[in-house]
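Step one of this worksheet: look at the structure below.
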Amino acid sequence: MEIRGDELRHTLSPEELREAAGQEVTVQGCVHNIRALGGVAFVVLRTGRYLVQCVYDKAECPGAGLDTLDAGCYVRVTGLARVEERAENGVEVLLHDFAVLSRPAAPLPLNLADPALKAALGTKLAYRTAALRHPRERAVFRIQAALARGFREFLTEQGFVEIHTPKITGAGAEGGADVFELSYFDMPATLAQSPQLYKQMCVAFFDRVFEVGAVYRAELHNTSRHLNEYTGLDLEMGGIADMREIMEMETAALRAMMRCVRETCAPEVALLNVEVPEIGAIPCVRFADALELLRARGGGKNRNDLTPDDEVMLCDYYRECGEGDFVFVTHFPTAKRPFYVMEDPENPKETLSFDLLFRGLEVTTGGQRIHDYDAQIAKMAARNMDPARFAHYLSAHKGGLPPHGGLGIGLERLTMKLCGLSNIREASLFPRDITHLEP
């Protein structure tokens with residue numbers, strides 16, 4: 001049998017069902033809920049994206065009995081599409097017939113019929129494959145997919161090459177101890193903390209690169225903002241004049257990402273009441289100046305970094321000033337930044353680095369990198385690092401690298417703040433933290 005591409009149809013959308021009003025249609029989905037009202041019943045189907053209200057009337061559907069249906073059954077139904085503004089998405093299907101394709105072996109442990117899933121986060125994680133069937137829970141990940149798609153499409157248009165770097169490495173990108181160690185054919189190895197070193201190497205031959213991939217951090221934290229495995233949206237670009245070019249690229253990328261959410265996720269945005277920001281010029285403040293601002297408001301007590309409370313306070317300040325939901329903080333102290341970050345020539349105690357805060361949370365770290373071989377060796381020596389451990393990384397410097405820089409965005413953090421979630425685990429399909437290794 002020949003399969004033609006134009007015959008591969010997705011589930012009918014509400015718009016397509018409305019256009020088909022007055023015609024017989026076929027819809028396939030899962031029975032989400034059944035509500036019996038007198039002589040008729042409403043059978044709500046859950047497709048991969050939408051809820052479709054179907055009306056069962058024995059007189060209109062004589063060949064199939066309602067008593068054969070249960071929540072969780074996957075069915076194929078046929079019936080008359082008709083406009084009904086009181087129905088989900090303003091359209092419904094008057095059933096003429098249906099066939100049960102599969103039945104659940106047991107009822108789900110969660111009630112999916114409620115508008116919002118009434119379960120604690122721990123319960124949602126314990127019954128993840130049940131919780132993610134709820135329209136509000138899964139809507140988060142449609143939006144997350146749009147963010148990644150917008151990132152990928154924008155950077156591709158800007159001449160970036162998508163790369164896929166190893167997640168099993170011989171040395172941690174940050175040179176620290178917070179790595180997952182494993183035995184790799186009797187050789188010591190770690191899970192990649194970042195694609196950082198590979199991104200920089202790839203700048204030598206691609207100039208502009210990006211990656212969407214897993215990042216691993218073996219940190220013993222258990223907070224609402226940390227995961228031990230998360231998805232990084234990383235980019236690295238060569239030929240830059242200064243750090244601001246990287247910040248400008250991120251600003252443009254975020255505009256494209258938010259536009260992708262608005263254009264492709266309107267149902268999910270409406271369902272979750274998401275406020276998708278219009279991004280203008282993002283305000284920028286040096287770290288030292290941010291500390292002064294924060295100290296005047298009772299914060300800024302860490303001289304080398306921003307605390308979570310500082311991040312909230314700083315974002316609140318700029319939002320109250322009418323400057324939006326984002327703020328760049330630049331020139332972090334050298335002592336708190338990795339070995340590959342370039343120091344400010346005018347003040348070596350500061351780095352040409354930045355964080356981007358969004359609605360009270362750091363979602364990005366980036367900056368300009370050291371491209372000169374001797375300068376990189378000198379900084380490693382100053383930190384008592386063994387250059388021999390990074391021979392392949394340094395070979396790119398030895399062979400010549402352009403002035404370059406880049407950044408990494410935490411996809412789950414960005415999703416969390418965009419969707420107004422209280423815990424980052426709600427923005428991870430199957431979160432990995434110090435207590436969750438399944439499912």
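The values are calculated or read from the model by the stated rules, or taken from the named source; none is laboratory data. Values in this document were obtained by computation on a predicted structure and should not be read as measured data. Positions of Cβ are generated from backbone atoms using ideal geometry, with glycine treated the same way; all protein chains shown enter the neighbour counts.
In the stretch 288-309, of all residues being in a loop (DSSP other than H, G, I, E, B) and surrounded by 12 or more Cβ atoms within 10 Å (Cβ to Cβ), the one that is farthest from the chain's Cα centre (by Cα) corresponds to 297.
For the subset of the stretch 8-22 comprising residues that are not acidic (Asp, Glu) and not in a loop (DSSP other than H, G, I, E, B), which member is modelled with the lowest pLDDT? Top of the filtered list is 14. Suppose we keep only residues that are small (Gly, Ala, Ser) and modelled with pLDDT of 90 or more within the stretch 149-188. Which one would you say is nearest to residue 215 (Cα to Cα)? So, considering only residues that are small (Gly, Ala, Ser) and modelled with pLDDT of 90 or more, the one nearest to residue 215 (Cα to Cα) is 150. Considering (1) without any contact (Cβ under 8 Å) to a residue 40 or more places away in the chain; (2) surrounded by fewer than 13 Cβ atoms within 10 Å (Cβ to Cβ), the lone condition that residue 317 does not fulfil carries the number (2).
Filtered by the rule that a residue be farther than 18 Å from residue 331 by Cα, of a type in the set (Gly, Ala, Ser) and out of contact with any helix residue (DSSP H, G or I) (no Cβ under 8 Å at 6 or more places or on another chain), the stretch 237-268 gives 239, 266.
Among the residues that make up the stretch 209-221, is at least one of them assigned to a loop (DSSP other than H, G, I, E, B) and crowded, with 18+ Cβ neighbours inside 10 Å? Yes: the stretch 209-221 contains one or more residues that are assigned to a loop (DSSP other than H, G, I, E, B) and crowded, with 18+ Cβ neighbours inside 10 Å. Taken over the stretch 370-395, the residue count meeting the criterion of being within 19 Å of residue 192 (Cα to Cα) and either part of a helix (DSSP H, G or I) or under 29 Å from the mean Cα position of the chain (by Cα) (or both) is 8. If the condition is being more than 30 Å from residue 254 (Cβ to Cβ), among the acidic types (Asp, Glu) and touching a helix residue (DSSP H, G or I) at 6+ places or on another chain (Cβ under 8 Å), then the stretch 352-385 contributes only 372. Within the stretch 88-142, the set of residues being part of a helix (DSSP H, G or I) and of a type in the set (A, V, I, L, M) comprises 121, 125, 126, 130, 131, 139, 140. In this structure, is residue 83 surrounded by 15 or more Cβ atoms within 10 Å (Cβ to Cβ) and among the β-branched types (Val, Ile, Thr)? No: the conditions fail for residue 83. Looking at 248, 229, which is the one that is modelled with pLDDT of 95 or more, charged (D, E, K, R) and within 17 Å of residue 437 (Cα to Cα)? One residue alone meets the criteria, 229.
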